[in-house]
Amino acid sequence: MIALSNVSKHYGRQLLFVEASLQIDPGEKVGLVGPNGSGKSTLFRMIAGEEEPDDGQVSVPKGLRIGWFKQDAADASGRSVLDEAIAGSGQAGELHHELFELEHALADPERADEMDAILARFGEVQEKYQALGGYELEAKARTVLDGLGFRPEQVDGDVGALSGGWKMRVAIAKVLIGAADVLLLDEPTNHLDIESILWLEGFLRDTDAAILMTCHDRDFMNRVVTRLVDVDEGELVSYTGNYEYYERERAVRATRDEAAYARQQKMLEKEERFIARFEKHAAKAAQVQSRVKKLDKIEKLEAPKKRVIVPFEFRTPPRSGNDVAILSGVTKRYGDRALYDRFDFEIRRQERWCVMGVNGAGKSTLLKMIAGVLQPDSGSVRLGASLKLGYFSQSALEILDPKKTVWEEIDGRFPLPSIATKRNLLGAFQFGEDDVTKRIHMLSGGERSRLVLAQMLFDPPNFLVLDEPTNHLDLATKEMLVQTLHEFEGTMLFVSHDRTFLKGLATHVLDLSGNGGRSPLVFQHSYTDWVERTGHEAPGVHA
């Protein structure tokens, strides 16, 4: 269906693809992996026709319908969420909006003299709309928006009133509602909570459309894709299977490549020693020349490059008291709605609590009350003795000075440690030599999150309160963070939609959706045990 043949592409001195080839068949579900800057987004743009390769060919059948979700989706306003979502469904979406405008025109007394023409056009549009299945379109749109976490009042409200994250959900809905033959999805889970992620998994598994996607959620990739394509040093290397198979097979290939390189190096050294030893011996001249020619003809293998995840070894935080946080009779209301009603909850030293709950259940509100950012309406939140609290939220990114470089931010905040120590810190959070000179205003959301987390863990608190710390983080950084925090000797309270993070760290679960009633469910065991006990990975969503 879609074929890239011997494609080469470069930007300035950076070579992204070298005679790379790829084929995507109808209905196939393909995951695209590779380090930042390897060319994944460029590949999407070439398939979508926004860019041309320098050499080679990108073949896309004429009339193929491509739905493309990208992180820089345009802002939207002036329509309802429903209407904006329907706008992504091609001709049916255009006809839907024309019908809406014609209905308003028919009710406009100032256009009475145009009524015959408006009625005639209304009949034409209505007939075309019905033939395209347009009257099922609104029901489909509402189903998709519900799956993505929109409440009914949001669906009919102004899209312009939504936050950036919710507008990105609308952008995803537009792509899913359109009857595309191919879906290009660039990090579709970034702005979703776990309930919406689980719904999207099912939607993508069931769709007949072919899929090419990047995603930083290991579980999501495992459950959706049937093939992985690794953008590796200019090549597109395919692995049939899910993400776990890709990891195993890639490790096998890496071991094989290292062994082949070591064997060749050993052989080259042996031949070069012979040449150096006998090059001046007349009796061995023929043998020497033969071996020189042999070496000239051998295709030299390059040393295999390794992508290594190195957990950052931070200092041991100071010991806190055994009672870390005690909530007594806490009540918190928003209008007539009570998020918490005389709620009692206790966190003890070295416990790692994950907070679960559907949208609006009060997850972030709880973290804000414990962090002291928000006060309860009644009751008390008491923190224990010798406590050093570190609070990460999306607004924490605002503490960064946009005019400074990455290095200036770290060096200014921690002037006493050695340059090598600070370089190691930045390297652990995926800031290489070129990245440390970037100004903060040029960083992506994921890069800013990594920088804030690096600062927080360099001088670690003994109580970490983390609200969606893995948003925008790539798989390598997430795995490093899980390994790093697994050795953390302090206490944790966090909200996360990343199941690798939840399974790797949570020793206790607080389910704010309750156990069939209104009271939160306190589960004194790990997230993995909670999933086994309840049969779902998120409140009300069955695994």
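Data for the structure
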{"item": "Taking the chain and dividing mean pair separation by its residue count, relative contact order in percent (alpha carbons under 8 Å, at least six apart)", "result": "14"}
{"item": "Pairs beyond 31 Å (Cα-Cα), from K29/K363; K9/K422; K40/K300; K332/K438", "result": "K29/K363; K9/K422; K332/K438"}
{"item": "Segment H441-R13, length gained on full extension (0.36 nm per residue, minus Cα span)", "result": "151.7 nm"}
{"item": "Ordering of 37-43, 370-376 by burial proxy (mean other Cβ atoms within 10 Å per residue, highest first)", "result": "37-43, 370-376"}
{"item": "Order of H441, H96 under a 10 Å beta carbon neighbour criterion, fewest first", "result": "H441, H96"}
{"item": "Distance cut-off 24 Å, percentage of C-alpha pairs in the stretch 13-129 lying past it", "result": "52"}
{"item": "Compactness of the chain - radius of gyration and Dmax, Cα, Å", "result": "28.4, 110"}
{"item": "Selected from P469, F429, P304, residue furthest toward positive end of dipole (the chain; charges at beta carbon)", "result": "P304"}
{"item": "Among beta bridges that DSSP assigns inside the chain, antiparallel share in %, nearest 5", "result": "55"}
{"item": "Ordering of 457-466, 485-494, 283-292, 232-241 by packing [mean C-beta count within 10 Å, highest first]", "result": "457-466, 485-494, 232-241, 283-292"}
{"item": "Highest to lowest packing among 260-273, 526-539, scored as the average C-beta count within 10 Å", "result": "526-539, 260-273"}
{"item": "Size of charge dipole - the stretch 445-543 - debye, nearest 20, with Cβ of Lys, Arg +1 and Asp, Glu -1, no other charges", "result": "220"}
{"item": "Span-like helix ranges in the chain, DSSP H, alpha carbon extent 15 angstrom or more, Kyte mean at least 1.6", "result": "none"}
{"item": "Surrounding net charge for E447, when Lys and Arg each add one and Asp and Glu each subtract one, Cβ distance under 9 Å", "result": "+2"}
{"item": "Charge dipole magnitude, Cβ of K and R +1, D and E -1 - the chain, Cα centre, debye nearest 20", "result": "3140"}
{"item": "Efficiency of FRET between R333 and V292 - r from beta-carbon atoms, R0 60 angstrom, step 0.05", "result": "0.10"}
{"item": "Estimated inter-spin distance, L301 and D377, nm [label 7 Å along Cα→Cβ]", "result": "6.9"}
{"item": "Per-pair calculated FRET efficiency, R0 = 56 Å: R273 and R205 via Cβ, rounded to 0.05", "result": "0.45"}
{"item": "Aspartates and glutamates whose Cα lies under 14 Å from that of K70, excluding same-chain neighbours fewer than 8 positions away", "result": "E50, D186, E187"}
{"item": "Net charge, A131 excluded, C-beta distance under 15 Å - Lys, Arg +1, Asp, Glu -1", "result": "-4"}
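No lab work stands behind these numbers, since they all come straight from the coordinates. Here the structure is a predicted model, which is why all the values come from computation and not from measurement. With ideal geometry, Cβ positions are generated from the backbone for all residues, glycine too; neighbour counts draw on all protein chains shown.
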